[in-house]
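Below is one structure; the comments refer to it alone.
The values are calculated or read from the model by the stated rules, or taken from the named source; none is laboratory data. The shown structure was predicted, so the numbers you read here are calculated from the model rather than taken from an experiment. Reconstructed Cβ throughout: ideal geometry from the backbone, glycine too, with neighbour counts over all protein chains shown.
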Amino acid sequence: MATEPKSRHAEASAPTSERILDAAELHFAADGFAGASMRDIAASVELNPASLYNHFPGKQALYEAVLERGLRPIFLLLDALRTTDWSPESLDEETNTLLERLAQRPHLARLIVHEALAGGENLRQLARDWLRPLYSRALATFRESATTREWEDDELPLLLMSFHHLVLGYFAAAPMLREVMEEDPYSHEAMERQSRFMRKIVRLLVVEARTDAGRDEGTHGGG
């Protein structure tokens, strides 16, 4: 799992547009859309603002490109989940993949949380264009799976929200975790531990719940 910070050589060799997106993700996460400036983003990648506009026509377009790069793979992951067998092994694999995707875009979770706390038009746009479709697709996936049928239908949004907080919360709180735990939350050891923890949580919330429900049905049927 590649979670270590990129070296300066890797940053320098990356395409300019990718370096700009990396810097923009960081600034949007730290300052929100309103607080981030194109000048500061350009300075982070050693460009002048005019050169930055050669790649992205404005801050709104850059913001949307950051979200597209970060959230589109999660849509694809949900599409893949709809065709899986929801076995413990397949859920372990999908959980690992999700965490790897987020570790590759470590500031995306902070960006989402920042906008959630700030509110306003940017949050409405983020919710309308990305989060609402993402949640709708996830809920549809849950409802189609026999694995989650032991949950009441009105509990599925709560189940989804629990995953949201557990998964994004780790990445959003990474700066605090670094100070409190006195370790790099993106180190190989820390990410392996978090992946193991999340696999256990998914099994408890989904797989074990299904198994328990099956036992209860067997008990009642046998009685």
* Asked: Pick from Ser87, Ser145: which is at pLDDT below 85, buried (at least 16 other Cβ atoms within 10 Å of the Cβ) and out of contact with any helix residue (DSSP H, G or I) (no Cβ under 6 Å at 6 or more places or on another chain)?
  -> Ser145
* Out of Ser195, Ser162, which single residue is surrounded by fewer than 14 Cβ atoms within 10 Å (Cβ to Cβ), under 15 Å from the mean Cα position of the chain (by Cα) and touching a residue at least 24 places away in the same chain (Cβ under 8 Å)? -> Ser162
* What number of residues within the range 39-54 are in contact with a helix residue (DSSP H, G or I) (Cβ under 8 Å, 6 or more places away or on another chain), surrounded by fewer than 18 Cβ atoms within 10 Å (Cβ to Cβ) and part of a helix (DSSP H, G or I)? -> 6
* Yes or no: Arg101 basic (Lys, Arg) and closer than 22 Å to Arg196 by Cβ? -> yes
* **Meets criteria (under 16 Å from Leu91 (Cβ atoms), at pLDDT 90 or above and assigned to a helix (DSSP H, G or I)) for Ser195** => yes
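Just to check your reading of the model, which residue among Leu131, Leu159 is of a type outside the set (Asp, Glu), under 24 Å from Asn96 (Cβ atoms) and at pLDDT below 90? Show your work before the answer.
Working: Leu131 fails: at pLDDT below 90.
Selected residue: Leu159, the only one of Leu131, Leu159 that is of a type outside the set (Asp, Glu), under 24 Å from Asn96 (Cβ atoms) and at pLDDT below 90.
Criterion first (in contact with a Lys or Arg (Cβ under 9 Å, 6 or more places away or on another chain), at pLDDT 90 or above and farther than 19 Å from Thr84 by Cα) does Ala213 satisfy it?
So Ala213 does not fit the description; no.
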* Structure fact -> Pairing a residue in the range 124-141 that is within 10 Å of Leu67 (Cβ to Cβ) and assigned to a helix (DSSP H, G or I) with any residue that is hydrophobic (A, V, I, L, M, F, W, C) and at pLDDT 90 or above, where Cβ atoms lie under 6 Å and the two sit 6 or more apart in sequence or on different chains, gives Trp130/Leu67; Trp130/Leu71
